[in-house]
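Rule-based calculations on the coordinates, nothing more; no lab input. Source: prediction; values computed, not measured. Here the Cβ positions follow ideal geometry from the backbone for every residue, glycine too, while neighbour counts run over all protein chains shown.
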Amino acid sequence: MKEALLPKPLLTIDARNEVFICQEESQFYAQCLESMVFKYCDATDTVVEFGAGDGGPVISALLKNDFNGIIHGFELNYPSYELARSNIKKYHLEDRYVVHNRCFFNDLRLEANYLIANPPYLPAPDNNLYIPSLHGGTDGADITKRLLSLGYQNVMLMISAYSNPIEVVNYAADRGYKLVDFMLSPLRFGYYSCEPKVRAAIAELRRRNQAFYSENIYFLSGVLFRKDSESDLDLSEEFIKVMTIL
């Protein structure tokens with residue numbers, strides 16, 4: 001991954017509380033998109049994205065492959081939306097990547113071959129966080145499961161090992177999905193996951209065998225789910241073994 005392909009925002013406390021900033025995570029998301037989505041799409045495919053953020057991951061992945069379909073990204077946070085539009089224009093991708101400043105869940109009639117997202121996965125008792133939209137419910141998996149409930153044929157999601165990953169895989173299987181591919185990256189706990197109420201929630205999930213991590217790192221995985229697929233292998237067992245090893 002060429003880091004220069006991703007926007008480099010100013011790392012100030014105010015900026016981090018307004019726009020999600022984590023270069024390492026964004027770069028890994030871009031790698032997952034490139035390897036598990038855009039590499040296999042054809043020119044007629046449509047992709048929808050929940051939570052476009054600053055647009056950096058999709059832009060980086062698009063610049064590295066020949067995908068000529070269209071991606072519709074949805075981003076409620078207005079500063080992030082404006083930054084995404086600016087970045088898309090900078091790289092002349094307006095005909096391939098369109099970001100909408102409205103709620104994804106209000107546009108469920110938009111048909112697509114793939115749903116992609118790095119969904120909010122911070123566990124906490126409420127959304128009173130540095131960035132409220134990063135709240136993933138009490139176990140961090142609420143938005144992830146909501147996305148899987150929509151029935152898209154192919155769903156590529158980022159899943160954290162400290163946000164009840166076993167429940168997520170079981171939820172997907174109950175809705176007819178196979179886990180057909182995944183990529184894994186170790187990450188250090190950062191600014192958002194070290195917020196005190198988040199760390200307390202993560203520790204409680206670990207006591208309930210719903211979070212898996214070491215003192216220094218946790219695993220983040222890009223996971224491709226495919227619905228009602230008879231030909232693909234199901235890698236759910238392997239995925240769970242790897243994600244719960246810490």
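With a ≥ b ≥ c taken as the square roots of the eigenvalues of the C-alpha gyration tensor of the range 103-180, please select rounded if a/c is under 1.5 and otherwise prolate if a/b is larger than b/c or oblate if it is not? In terms of gyration-tensor shape, oblate.
For the residue pairs K89/K227; K197/K227; K39/K90; K39/K227; K89/K197; K89/K178, alpha carbon separations beyond 29 Å are given by K89/K227; K197/K227; K89/K197; K89/K178.
Between the range 162-241 and the range 75-130, the C-alpha centres lie 21 angstrom from each other.
The trypsin sites (Lys or Arg not before Pro) found in the range 47-102 that occupy coil by DSSP, while having at most 13 further C-beta atoms within 10 Å, are R102. Highest mean first, the peptides 48-56, 117-125 sorted by other C-beta atoms within 10 Å per residue fall in the order 48-56, 117-125.
Taking only the C-alpha atoms of the range 22-87, the Rg (one decimal) and the largest Cα-Cα distance, Dmax (whole number), read 11.5, 32 Å. Shown here: volume of the Cα convex hull per residue in Å³, derived from the displayed model; of the candidates (i) 154; (ii) 118; (iii) 184, it corresponds to (ii).
Length gained on full extension, K39 to E167, computed as 0.36 nm times the residue gap minus the Cα-Cα distance: 43.2 nm. Dividing the summed -39500 (n - 2.57) terms of all DSSP H runs of n ≥ 4 by the residue count of the chain sets its mean residue ellipticity at 222 nm at -8500 deg cm²/dmol. Excluding N68 itself, what net charge comes from residues whose Cβ is under 12 Å from its Cβ, given Lys and Arg +1 and Asp and Glu -1? With Lys, Arg at +1 and Asp, Glu at -1, the neighbours total -3. Take every DSSP beta bridge whose two residues both sit in the chain; close to 50 percent of them are antiparallel.
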